[in-house]
Structures are given as structure tokens and as C-alpha cells.
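Here is the structure we will look at, set down as C-alpha cells.
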Amino acid sequence: MDIGEQGEAASRGTIGILGAGRVGTAMARLAIAAGYRVKVATSKPAADNELIIEIVTPGAVAVDAGEAAASDLVVVAIPLHKYRSLDAGALAGRVVVDAMNYWAATDGDIADFEKTHLSSSEVVSAYLVGSRVVKSFNHIGYHEMEPDAAEQGSPNRRALAVAGDDEAAKAMVAGFIDTLGFDSVDAGDLAAGKAFEPGTDIFNGRFNAAELAQALQHSLATA
Amino acid sequence: MEIGAYSFGDTQRNTNGSLQPTGEAIRNLFEAIKHADAVGLDYFGVGEHHTTSMPASSPGALIAAAAAATSRIKLGSAASIISTDDPVRIFQQFATADAVSGGGRIEITAGRGSSVETFPLFGYDLGEYDELYAEKLDLLMAINNAGGNHVTWSGTKRPAIEDLAVVPRPLGGHLPIWVATGGNASSSARAGQLGLPVSYGIIGGEPHRFAPLAELYRRAGAQAGHPADSLKISVAALGLVAPTKQEALERFYPGWYNLNVEMGRLRGWPAPDKRAYDAQAEAPGAYYVGSPDEVAERIVHLHGYMGHMRHFLQTDIGGLPQEHLLESITLLATEVKPRVQRLLARK
């Protein structure tokens, strides 16, 4: 697919979004505006979501979770405590953007994430055997996504960090981020996702690409 | 358009930042509700929070007291965290307040809560967050919709009720039950399907971006066969009214700062940024901070997107001096409301 290229809108690929909450719907609207075909699914049957999708993310299609998984790129934006409801088999081989967070102060403790030194995306990745998991979009508020999205080359364009173990998958996600309206900065492998989890300066702040690169470097240096 | 206020209680602070007694905060809130009634505010919402800085944990008790001490104002929870409470008890408390009030002024707003402190406090499992809310709301509606004193209901999270009395009944037969939501689309769709009025808590971002949710709510309600006049929307937001914008900005900022420092400690946020405050306090930001003219214009602007019938503000956060809360309430009732009515009539 042509994620990242400045081609015709029709040449963009298909984005599957799992989760129709505030993050999932904001990303769906940005992806539609960028010219992707967007399929949104929740744990409910597609028919139950049709009205929501029609009104809240016009242009997207409500589908069942299995169909959303069969996309060029899949965004997971469900409450983290439900991550084991994801169909790992259906997502195997896919590039999966993990936009979720382990944020105990707001969502409560989850044992799988509490009793580990791994980054939350590594835990998710261990469950999604065979998926090419990339962590991003987790450190921007859902209500900031649309106001902060800007054309490529805009001064002080907001940047998002990207962490993952698969370089090709990361490159694809970086292209996706660019088309949605943000710069991206490579944070390193999935373990490096810790640098922009809740509680970090990056999670709490708003950065352009140069600032984000510096913040990531600082975080690595002090890790 | 109804204009109102809501509060989670606001514990006053000493100059070194330590907190004064929580009981004083409840007394202040009680006095503020009486004041709101006296100056003609339409609505006051209470609680539910369970923190030392926001101690309005028991909306039913405070609303019952306020019901006896007021004569005109509508009183409701904002919101009752039904997931971790017993809907039978909530209903009984609010129906009791309804009887005390003379009838027709008491409402329940059913919410999930934006924080999760009630789950460990009352011994509930956060993993059942969604199931608990759905089932407790179902029970609350079953009680409210009962034709007489007796209720029959069964579910999985609470023992069944087999033809048992749940009394007192509200004087008007039923209480308004609102659904509180912070903007999740499925919550709007569900409120519409149930035919319940919906209350949007808009505490960040740009309020007019909630417009599709209002449309979703109304469409879902219409699809389910609920008459349009039963599908009502209210908006709860942060804000403060003062004689001038500058005064309003200066009065609201210290409490906003304190609250964000405190939440930041819990949630790992850095020190609050004054620029973020200033941005949110300007249109199209989330805070309704300004003179009566400005706040009225912004409420009417949002009305163009939401068509809401009630707009109510949380003002007392982070140790706001009580006199600033009282003056804001006075201005909301006597200056903002007439301007809103005038501007809406022109449309």
C-alpha cells in the first residue's frame, strides 16, 4: 500500500480501527480526512455500530472485528484491560498500532501490566503472537488529535513517537502518522516505548520533532 | 435554557497548601446551594467524589438537606456513581429528597465516574466496569418505571428483587434520570436508545466537537421510537463568572492550578502550564471563564451545536474562596441567564 506517499486519495490503503471510543473515533476521522478507507469495529456486531460510525466518523464503515483486522494497518484503541479480547489469530502478520496505555491512576491496576518490567506494548505484543506491533498515538490526548493535526512542513508541527521491533512496520506507521498530520520520531524498539508511557514527560507534553527527539534521547540516557 | 452550577465540594486550603476540614467544605456547599436558590439559579448538581480535596461523596444526603432549605431550584447528583452503589438506596434517597422538596425538583444523574476511587472503596472489581454500570442503570430504571411501590428485577451483579416495596415513591411518580457521559460515542447511542436525557461533562478540548454526539443521541433516540421532547441534553463544564474577564481569569486560576498539581501527583503530570489555562479559557476552549457577556455568548454559541437545555458550571475547585463562588452563582442567575435567553430569542 502507499501509506506515506503523496498520491491520490484513492491510492491510500485500508485502515482497520478496533475500538470506537474517543481515541478510535478521532483517529478514524483523521484517517478519512487523509484519504484512507477506514473500517471500524468493536466487540459488538457491526450492525450495532452503524449509527455511531455514520454520525461520528462519517465516511468510515462499521464492520465486524475480523474484517477490521484484515486491513493494511490496524489500530488498536480499546480499554487496555480488554486486550485479551483481541483475536490474535486474525491479527497475525498485520501491522498493529498499539494506541493503548497502562495508566493505573485513572484506570486501576491490571495484573498483567503491574507485575512486569516490560513496557505495556511488549505485553500486548507477547499476546498478539505474529503481529508486528508498533506503539504510537498513545501520548496525544484524543481531544488534541484533530486540533493539533497539521500539514506536512507546518511550523512547529506536533510529533508522535514510534516504537517497535519491526523496522518495516515502523516505517509504515511513520508514513501513516505523517498523512494524518503529525511528524514522527523513531524511539527505538518496543521496549523503548516506556519512554512515552503515562507519567513520562513525553506523555504529558506537546513536542515538535526536534524537541521529541531530544526528550527521547534524554529519557534513554536516564533510563 | 436552564443555567446552573455543580460541585464536588471544595476543601479550603491553608497558605502552606494543607487542607482545612472536609466538613467545612460540605457546609460551604450547602450554603452555596441555598444562595443559588435565593438568587434564582435553575439547577445545582452535587458530587460524587471521594477525595479529601473534593469531599462531596454523598449527594443524596446533601440534596435532601438542600431540598428542605430551598424552594425553587432543581437539585440533582452530578453524578451518582451507580456502578459501585446500590440503585435501590440511591432511588430511596432521592425519592426521600423529592418528598422533602415538595416534589418535582429532584433528579438523579447516573454516571460511571471519571476516576476509579469508588471501586476499591466499596469493594468492586474494575474489570466489571462496563457490566456493573449497565446492570445498575437497568435496575435504577426498573425501580423508577415501576407502576406502584413494588419492584421485580433480576440480574447478575446483585441479588434479584422479587416483588418487594421500594419506597417512598416520588410525588410525581417518577424522577428524571439522566445519563452522564464524558463523550464516548456508545454512551450517547445507549442513552438515546433508552430514551433517557443525557448530560455531557465537557472538561477539556473544544466543546463544539461534541456536536456529532448530540446528533447521534437524538438519532438513536428517534430510531428507538422515543419522542423528541423526551430527548434532552445538558452540558456540564468548568467555569467562573466575575464582573470582568480579567477578574474571572485571576479568580479561577489558583484553584485550577492547585487541582492540576494534585491530580498531577496522582497521575504523573508535570506542573500545570499557565498557557494551557489561558488557551482553555478562550473560545473555543473548554472553560467558561469570563464576564457575564462572554460566558453568555459562549453558552449560546455551543447551543448552536448541541441544542442543549441546561448549561451548568463547576466553579469551586482547588480551594476557591467561597465569596468568589457565591458571586459567580449570583452573576450566572442574574446576568448570564437573561443574556442567554435574549440571545436565544434572537436566533
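Results, tabulated for the structure shown:
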| read-out | value |
| --- | --- |
| Qualifying residue in region B:190-197 (condition: of a type in the set (D, E, K, R), within 14 Å of another protein chain (Cβ to nearest Cβ) and within 27 Å of B:Q93 (Cβ to Cβ)) | yes |
| Some residue of region B:208-219 being touching a residue at least 12 places away in the same chain (Cβ under 8 Å), away from chain A (no Cβ under 12 Å), under 27 Å from B:V336 (Cα atoms) and in contact with a strand residue (DSSP E or B) (Cβ under 6 Å, 6 or more places away or on another chain) | no |
| The listed residue being within 30 Å of A:F203 (Cβ to Cβ) and surrounded by 15 or more Cβ atoms within 10 Å (Cβ to Cβ), out of B:F252, B:F312 | B:F252 |
| Residues of region A:188-201 classified as more than 14 Å from chain B (Cβ to nearest Cβ) and surrounded by fewer than 20 Cβ atoms within 10 Å (Cβ to Cβ), total | 3 |
| Residue in region B:175-186 that is surrounded by fewer than 21 Cβ atoms within 10 Å (Cβ to Cβ) and at pLDDT 95 or above present | yes |
| Residues located in region A:124-145, provided they are crowded, with 19+ Cβ neighbours inside 10 Å and over 23 Å from A:T179 (Cα atoms) | A:V124, A:S125, A:L128 |
| Single match in A:R94, A:R29 (criterion: in contact with a Ser or Thr (Cβ under 8 Å, 6 or more places away or on another chain), touching a residue at least 12 places away in the same chain (Cβ under 8 Å) and closer than 19 Å to A:M172 by Cβ) | A:R94 |
| Condition check for B:S77: under 30 Å from B:G155 (Cα atoms), in contact with a strand residue (DSSP E or B) (Cβ under 6 Å, 6 or more places away or on another chain) and either basic (K, R) or buried (at least 17 other Cβ atoms within 10 Å of the Cβ) (or both) | yes |
| Filter pass, A:G141 being free of Cβ contacts under 8 Å to residues at least 60 places away in the same chain and of a type outside the set (A, V, I, L, M, F, W, C) | yes |
| Some residue of region B:236-255 being modelled with pLDDT under 95 and of a type in the set (G, A, S) | no |
| Options A:S71, A:S131; residue that is over 30 Å from B:E215 (Cα atoms) and under 16 Å from the mean Cα position of the chain (by Cα) | A:S131 |
| Residues that are at the interface with chain A (Cβ under 10 Å from one of its Cβ atoms) and touching a residue at least 60 places away in the same chain (Cβ under 8 Å), drawn from region B:173-189 | B:G182 |
| Candidate set: region A:10-19, residues that are in contact (Cβ under 8 Å) with a residue 40 or more places away in the chain and aliphatic (A, V, I, L, M); chosen: the one farthest from the other protein chains (Cβ to nearest Cβ) | A:I15 |
| Options A:V185, A:V173, A:V129: the member that is in contact (Cβ under 8 Å) with a residue 40 or more places away in the chain, more than 14 Å from chain B (Cβ to nearest Cβ) and not in a helix (DSSP H, G or I) | A:V129 |
| Single match in A:N156, A:N204 (criterion: modelled with pLDDT of 95 or more, surrounded by fewer than 18 Cβ atoms within 10 Å (Cβ to Cβ) and within 14 Å of chain B (Cβ to nearest Cβ)) | A:N156 |
| Pairs, first more than 8 Å from chain A (Cβ to nearest Cβ) in region B:118-131, second modelled with pLDDT of 90 or more and surrounded by fewer than 14 Cβ atoms within 10 Å (Cβ to Cβ), C-beta under 8 Å, six or more apart | B:E131/B:T156 |
| Residue list for region A:196-223, restricted to those being touching a strand residue (DSSP E or B) at 6+ places or on another chain (Cβ under 6 Å), assigned to a helix (DSSP H, G or I) and within 20 Å of A:G141 (Cβ to Cβ) | A:F196, A:A209, A:L212, A:L216 |
| Checking B:G155 against (1) in a helix (DSSP H, G or I); (2) of a type outside the set (S, T, Y); (3) away from chain A (no Cβ under 14 Å), the condition it does not meet | (1) |
| Residue satisfying all of: in region A:36-54; in contact (Cβ under 8 Å) with a residue 24 or more places away in the chain and farther than 20 Å from A:Y142 by Cα; nearest to the other protein chains (Cβ to nearest Cβ) among these | A:S43 |
| Pair list, Cβ < 9 Å and 6+ apart or interchain, from region B:253-272 residues that are more than 14 Å from every other protein chain (Cβ to nearest Cβ) and in contact (Cβ under 8 Å) with a residue 24 or more places away in the chain to residues that are buried (at least 16 other Cβ atoms within 10 Å of the Cβ) and in a helix (DSSP H, G or I) | B:Y253/B:Y277; B:G255/B:H324; B:W256/B:Y277; B:W256/B:Q280; B:Y257/B:Y277 |
| Residues of region A:97-119 classified as within 14 Å of chain B (Cβ to nearest Cβ) and either assigned to a loop (DSSP other than H, G, I, E, B) or surrounded by 24 or more Cβ atoms within 10 Å (Cβ to Cβ) (or both), total | 6 |
| Residues that are within 11 Å of chain B (Cβ to nearest Cβ) and in contact with a strand residue (DSSP E or B) (Cβ under 8 Å, 6 or more places away or on another chain), drawn from region A:55-79 | A:T57 |
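Residues checked against (1) surrounded by 17 or more Cβ atoms within 10 Å (Cβ to Cβ); (2) modelled with pLDDT of 95 or more; (3) in contact with a helix residue (DSSP H, G or I) (Cβ under 9 Å, 6 or more places away or on another chain):
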position	(1), (2), (3)
B:D98	yes, yes, yes
B:P120	no, no, yes
B:Y129	yes, no, yes
B:K136	yes, yes, yes
B:M141	yes, yes, yes
B:N149	no, yes, no
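The values are calculated or read from the model by the stated rules, or taken from the named source; none is laboratory data. If you're wondering where the values come from, they're calculated on a predicted model, not measured in any experiment. Because the Cβ atoms are built from the backbone with ideal geometry, glycine has one as well, and the counts that use them run over all protein chains shown.
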